[in-house]
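I have placed the structure first, in the form of structure tokens, so that the comments after it can refer back to it.
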Amino acid sequence: METTLIILKPDAVQRGLMGRIIGRFEDKGLQVVGCKLMQISQELAAQHYKDHAGKPFYAGLVKFMTSSPVLVLALRGNGAIAIARGMMGATFGSKAAAGTIRGDFGVSNSFNLIHGSDSPEAATRELGLFFKSGEVLDFKRASECWIYDMSGGKPE
Ligand code: IDP
Ligand code: MG
């Protein structure tokens, strides 16, 4: 099972879209194993987006991400990283396909509602930035045996 780091960005929180976005992930079958409403500091934003430092949009991105609270989630599932990225849609709201979160809820390119880790390495690094030890929980869902086919001994 993979765990991915999702951030509902300030625009999603301010626009009252948290419940609908989390609902999509729950409907899909991903498990919420961590959740935190928080204000991102300059330092944390810089660490999180270190690979974008120096790009033309970097200063605006850090300003946006630190401007108002975000909701940080840890989501778990088989292939959770790629599944969540697919559900988010393309980076720019103006280009994201209908049916995706960015495609259905926004039109802006920079205010694009959501962040999701893009690789297992990024997920490990980002989960470590946003969650302390013990804040991502391991618990069995009552519905697990209907979300995955476990007849072969592993989730299919
Ligand atoms: P991603 O969030 O889809 O992985 P990245 O390329 O990693 O996209 O960019 C990180 C974030 O930086 C985007 O989600 C978006 O908020 C912002 N961003 C990326 N490219 C641009 C741009 O060209 N203009 C404005 N903001 C951008
Ligand atoms: Mg990215």
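The values are calculated or read from the model by the stated rules, or taken from the named source; none is laboratory data. It should be emphasised that the depicted structure is a prediction, and the values quoted were computed from it without experimental measurement. Cβ sites come from the backbone with ideal geometry, for glycine too, and all protein chains shown count toward neighbours. To get the accessible areas, we keep the full protein, side chains included, count just its heavy atoms, and leave off ligands, DNA and RNA. Shrake-Rupley method; radii C 1.70, N 1.55, O 1.52, S 1.80 Å.
Across segment 61-108, which residue is nearest to the chain's Cα centre (by Cα) among those that are closer than 24 Å to MET1 by Cβ and basic (Lys, Arg)?
Filtering first and then ranking leaves ARG85.
Take segment 21-68 and flag every residue that is within 15 Å of ligand 2 (Cβ to nearest atom) and touching a Leu at 6+ places or on another chain (Cβ under 7 Å).
Correct list: GLN47, HIS48, TYR49, HIS52.
Quick one: would you say PHE57 is within 13 Å of ligand 1 (Cβ to nearest atom) and over 28 Å from SER133 (Cα atoms)?
yes
When you check MET1 against the structure, is it modelled with pLDDT of 95 or more and either open to solvent by less than 10 Å² (accessible area, probe 1.4 Å) or over 16 Å from GLY116 (Cα atoms) (or both), yes or no?
No; evaluated as a whole, the condition is false for this residue.
Any idea how many residues of segment 25-45 are in a helix (DSSP H, G or I) and either in contact with a Ser or Thr (Cβ under 9 Å, 6 or more places away or on another chain) or surrounded by 15 or more Cβ atoms within 10 Å (Cβ to Cβ) (or both)?
5
Table: residues versus (1) out of contact with any strand residue (DSSP E or B) (no Cβ under 7 Å at 6 or more places or on another chain); (2) free of Cβ contacts under 8 Å to residues at least 12 places away in the same chain; (3) not polar (S, T, N, Q).
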site	(1), (2), (3)
GLY16	yes, yes, yes
LEU44	yes, no, yes
HIS52	yes, yes, yes
VAL70	no, no, yes
MET87	yes, no, yes
PHE92	yes, no, yes
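Criterion first (of a type in the set (A, V, I, L, M), more than 12 Å from ligand 1 (Cβ to nearest atom) and part of a helix (DSSP H, G or I)) does ILE22 satisfy it?
Considered against the rule, which asks whether it is of a type in the set (A, V, I, L, M), more than 12 Å from ligand 1 (Cβ to nearest atom) and part of a helix (DSSP H, G or I), ILE22 comes out as yes.
Test HIS48 against the stated conditions and say whether it is within 12 Å of ligand 1 (Cβ to nearest atom), in contact with a Phe, Trp or Tyr (Cβ under 9 Å, 6 or more places away or on another chain) and without any contact (Cβ under 8 Å) to a residue 12 or more places away in the chain.
Taking the combined requirement at face value, the residue does not satisfy it.
Quick one: how many residues across segment 120-156 are under 22 Å from ILE40 (Cα atoms) and not acidic (Asp, Glu)?
Count: 14.
Identify the single condition in (1) buried (at least 17 other Cβ atoms within 10 Å of the Cβ); (2) of a type outside the set (Asp, Glu); (3) part of a strand (DSSP E or B) that ALA12 does not satisfy, given that it satisfies every other one.
(3)
Only one of LYS55, LYS50 is loosely packed, with under 15 Cβ neighbours inside 10 Å and closer than 17 Å to ASP118 by Cα; which?
LYS50
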